[in-house]
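Student: Sharing a structure here in structure tokens format.
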Amino acid sequence: MDEQGTAIGDSIILSTYRLKNSKAKSKVMIVITDGVSNTGKIDPITAAETAAEYKVKIYTIGIGRDMQGEFETDFGSLQQIAEKTDGLFYRATDSNAFAEVLNSIDTLEKDNLNSKPRLFVEPYYMYFLLPAILLLLFDLFVRSFYLRYYI
């Protein structure tokens with residue numbers, strides 16, 4: 001089984017790629033993590049610099065507690081990421097603090113949408129319906145003419 005981990009740099013680059021052509025007034029990304037990037041190919045600080053070039057603000061929320069070596073945390077890198085992109089670093093130690101942080105970010109960034117997001121629906125039933133009809137016709141043909149079941 002592959003080792004699990006957090007690829008903060010890779011996720012920032014991917015999100016920046018998706019936000020770079022956005023026409024919104026402000027491009028905002030929220031990163032919620034313990035700060036430890038223990039997998040992935042891109043350094044989080046380098047990814048934050050790239051996001052800053054595309055004017056993407058990153059708000060980082062550090063979760064978890066430093067408990068005598070039980071859990072590894074790196075809130076310093078989260079603070080650097082937020083500073084490089086003109087975002088803010090928050091620390092949430094429990095669910096109430098987390099809710100307060102999200103409300104705080106919500107008051108900072110507001111951008112009204114001109115229209116509802118488009119929903120793309122792709123019907124897949126035709127891929128199954130056509131083979132099913134052909135199979136039924138084949139069955140009818142075999143039973144009628146080869147086995148003379150319906151005669």
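The values are calculated or read from the model by the stated rules, or taken from the named source; none is laboratory data. Given the structure is predicted, the values throughout are model-derived calculations rather than measurements. Note that we place each Cβ from the backbone using ideal geometry, even for glycine, and neighbour counts take in every protein chain shown.
Student: Write out, first by first residue and then by second, each pair whose Cβ atoms fall under 9 Å of each other, whose residues are 6+ apart or on separate chains, and whose first residue, in segment 24-38, is under 12 Å from residue 60 (Cα atoms) while the second is at pLDDT below 80 and of a type in the set (S, T, N, Q).
Tutor: 34/73; 35/73
Student: Taking the criterion of being modelled with pLDDT under 90 and farther than 30 Å from residue 114 by Cα, would at least one residue in segment 45-61 satisfy it?
Tutor: No - not one qualifying residue is present in segment 45-61.
Student: Has segment 11-24 got any residue that is within 18 Å of residue 102 (Cα to Cα) and surrounded by fewer than 21 Cβ atoms within 10 Å (Cβ to Cβ)? If you could, list the steps in order and put the result at the bottom.
Tutor: First, the residues of segment 11-24 that are within 18 Å of residue 102 (Cα to Cα): none.
Within segment 11-24 (the criterion being within 18 Å of residue 102 (Cα to Cα) and surrounded by fewer than 21 Cβ atoms within 10 Å (Cβ to Cβ)), the answer is no, since none of the residues qualifies.
Student: Residues being touching a Ser or Thr at 6+ places or on another chain (Cβ under 6 Å) and β-branched (Val, Ile, Thr): count how many of those fall in segment 69-119.
Tutor: Final tally of qualifying residues: 1.
Student: Does residue 81 satisfy the condition of being of a type outside the set (Phe, Trp, Tyr) and farther than 14 Å from residue 34 by Cα?
Tutor: no
Student: Here is a list: 53, 72, 49. Which entry is over 22 Å from residue 19 (Cα atoms), assigned by TED's automatic domain parsing to the domain that holds residue 19 and surrounded by 10 or more Cβ atoms within 10 Å (Cβ to Cβ)?
Tutor: Values: 53 fails: over 22 Å from residue 19 (Cα atoms); 49 fails: over 22 Å from residue 19 (Cα atoms).
So the residue among 53, 72, 49 that is over 22 Å from residue 19 (Cα atoms), assigned by TED's automatic domain parsing to the domain that holds residue 19 and surrounded by 10 or more Cβ atoms within 10 Å (Cβ to Cβ) is 72.
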